[in-house]
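Following: one structure in structure tokens, then a few remarks.
The values are calculated or read from the model by the stated rules, or taken from the named source; none is laboratory data. What you are looking at is a predicted structure, and each value in this text was computed from that prediction instead of being measured. Here the Cβ positions follow ideal geometry from the backbone for every residue, glycine too, while neighbour counts run over all protein chains shown. With ligands, DNA and RNA removed, areas are computed over all heavy atoms of the protein, side chains included. Shrake-Rupley method; radii C 1.70, N 1.55, O 1.52, S 1.80 Å.
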Amino acid sequence: KAGVTQTPRYLIKTRGQQVTLSCSPISGHRSVSWYQQTPGQGLQFLFEYFSETQRNKGNFPGRFSGRQFSNSRSEMNVSTLELGDSALYLCASSWGTGLEQYFGPGTRLTVT
Amino acid sequence: AQSVTQLGSHVSVSEGALVLLRCNYSSSVPPYLFWYVQYPNQGLQLLLKYTSAATLVKGINGFEAEFKKSETSFHLTKPSAHMSDAAEYFCAVSEGGSNYKLTFGKGTLLTVNP
């Protein structure tokens, strides 16, 4: 069974631009969560979607948003990029209870 | 609110030696606890999880962890380190129920010396 896939793997953007990251969960998984990983703040929860609805949300500004499609694929969008948004963005999927989350390889975003 | 503290940002052991990575948690409800491993330029891989069943949990690659409620700890151990164990290890807690977010510790980088 294929694992969680994230595209693109690497991305370079300029301050002020916006970016969209994509995540395809493991087949059959209905929950998708997003995390930001930085050297300073570590791993921080962004949001979680289940059946196209945002179920949980972390403490990030409104510039960070996401959505989930009917096939459980998810996208996250960051608008008006700042230098501090440079990070590894990880997507995780689970059946729905969320107790076992399976992570993708991440998208490395660099903002210049 | 829940939190996780990992004691020691860097642990160095010799190949064949005991690996002990420490994790203490804080949670207002009975927690679900996890250990993840991250190799360079990769995502997180689940090593093991505690979900209120047996307090001694066995995971992949010879790792195990013991849940001690009185000490609010969930330390990760492996009897004999292998070079391939060199990676960063993260302890995480979840409240479960309707809140599925994982709260992670800062991570411990494990170095294995030949």
> Taking the inverse of the average 1/r across all pairs of different Cα atoms in region B:46-100, what Kirkwood radius in Å do you get?
Replying inline: 12.6
> Taking the Cα centre of chain A as origin and charging only Cβ (+1 Lys, Arg; -1 Asp, Glu), how large is the dipole, in debye to the nearest 20?
Replying inline: 140
> Within straight cross-link reach of residue B:49, meaning Cα distance under 27 Å, which lysines are found once same-chain residues fewer than 8 apart are removed?
Replying inline: A:1, A:57, B:58, B:68, B:69, B:78, B:101, B:106
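For region A:1-106, which whole-number percentage of the solvent-accessible area (1.4 Å probe, protein heavy atoms only) is attributable to carbon and sulfur atoms?
50
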>> Using a 1.4 angstrom probe on the protein heavy atoms only, could you order A:48, B:71 from most to least accessible area?
In response: B:71, A:48
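Using a simple charge model, +1 on the beta-carbon of Lys and Arg, -1 on the beta-carbon of Asp and Glu, nothing else, what dipole does chain B show about its Cα centre, in debye to the nearest 20? Provide the component values of the computation, followed by the final result.
On the way: 8 positive and 7 negative charges, 42 e Å.
For this selection, approximately 200 debye.
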>> Compute the orientation-averaged projected area for chain B from the convex hull of its Cα atoms and round it to one decimal in nm².
In response: 6.8
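In what order, largest first, do A:26, A:12, B:60 sit by accessible area if the probe radius is 1.4 Å? Mind showing how you got there, number by number?
Values: A:26 20, A:12 130, B:60 65 Å².
Greatest to least solvent exposure: A:12, B:60, A:26.
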>> Which three extents, in angstrom, do the Cα atoms of the protein assembly as shown have along their principal axes, listed largest first?
In response: 49, 38, 35
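When Cβ neighbours within 10 Å are restricted to other protein chains, what is their mean count per residue of peptide A:41-51? Show your work: numbers first, answer last.
Details: counts 1, 7, 11, 3, 6, 1, 1, 4, 0, 1, 0.
Mean shielding by partner chains, rounded to a whole number: 3.
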> Per 10 Å bin from zero, what fraction in whole % of the C-alpha pairs of region A:4-112 is there, up to the bin with the longest pair?
Replying inline: 16, 52, 28, 4
>> As I understand it, the dipole of the protein assembly as shown uses +1 on the Cβ of Lys and Arg and -1 on the Cβ of Asp and Glu, about the Cα centre. Which of A:79, A:2, B:111 lies farthest toward its positive end?
In response: A:79
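Can you tell me the relative contact order of chain B? Whole percent, Cα pairs under 8 Å, sequence separation 6 or more. Mind showing how you got there, number by number?
On the way: 290 pairs, mean separation 42.6, N = 114.
Computed over chain B, the figure is 37 percent.
Roughly how many debye, to the nearest 20, is the charge dipole of the protein assembly as shown about its Cα centre, given +1 on each Lys and Arg Cβ, -1 on each Asp and Glu Cβ, and no other charges?
Values: 19 positive and 13 negative charges, 82 e Å.
It works out to roughly 400 debye.
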> Relative contact order for region B:49-90: what is it in percent, counting Cα pairs under 8 Å that are at least 6 residues apart?
Replying inline: 24
> Relative contact order for chain A: what is it in percent, counting Cα pairs under 8 Å that are at least 6 residues apart?
Replying inline: 36
> What ³J(HN,Hα) values, in whole Hz, does the Karplus curve 6.51 cos²θ - 1.76 cosθ + 1.60 give for region B:94-103 when θ = phi - 60°, with x put for Gly and Pro?
Replying inline: 9, 7, x, x, 9, 10, 9, 5, 9, 9
